[in-house]
1. Using only Cα atoms, find the angle between the long axis of helix 61-85 and the longest principal axis of the chain, and express it within 0 to 90 degrees, rounded to the nearest 10.
2. Would you give the gap between the C-alpha center of the stretch 54-94 and the C-alpha center of the stretch 1-53, rounded to a whole Å?
3. Taking a label point 7 Å from the Cα of residue 63 along the Cα→Cβ vector, which residues of the stretch 2-45 have an amide N closer than 16 Å to it?
4. With Kirkwood's inverse mean 1/r over C-alpha pairs for Rh, give me the Rg to Rh ratio of the stretch 3-85, two decimals please.
5. If r is the Cβ-Cβ distance from residue 34 to residue 77 and R0 is 22 Å, what FRET efficiency results, to the nearest 0.05?
6. Give me the percent relative contact order of the chain, please, defined on Cα pairs under 8 angstrom at least 6 residues apart.
7. Measure nothing fancy, just the Cα-based angle from helix 3-35's long axis to the longest principal axis of the chain, in degrees from 0 to 90, nearest 10.
C-alpha cells in the first residue's frame, strides 16, 4: 500500500474519532438536560468548531455540565466491554 493511502486512512480515522467523541459528549449534555427537565434549544456539531449544547431552560446546570464528560467516558467503555465479552475481532478499534 502506498504511503499516501496509509496517511489518508489515518487522517480519516482521526476525523471520524473526533466527530464521534463530540457526538457522544454532546449526547451526554442532551440526556442530562432532558433528565433534569430542561429544554434543549440547539446542539452544534461541526467538525471545524467546538461543539456545544444550548438549553433554554436548565434547572440543574451542574448535572448537565457533568453529564457530557461522564457519558463521554462511560459509553465508549461500555461498547468496549460488550465487544470484549462478545469477543468481536474489532474490539481493538472500540
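1. On a 0 to 90 degree scale, this one is about 30.
2. 12 Å
3. Those under the cut-off are 28-40.
4. Across the stretch 3-85, the Cα-based Rg/Rh ratio is 1.10.
5. Step by step, r from the Cβ atoms, then E = 0.50.
6. Relative contact order, the chain: 26 percent.
7. Between the helix axis and the principal axis of the chain, the angle is about 20 degrees.
Bear in mind that the values in this text are calculations on the coordinates, not laboratory data. Since this is a predicted model, take the numbers as computed values, not measurements. Quick reminder, even Gly has a Cβ in these numbers, built from the backbone with ideal geometry, and neighbours come from all protein chains shown.
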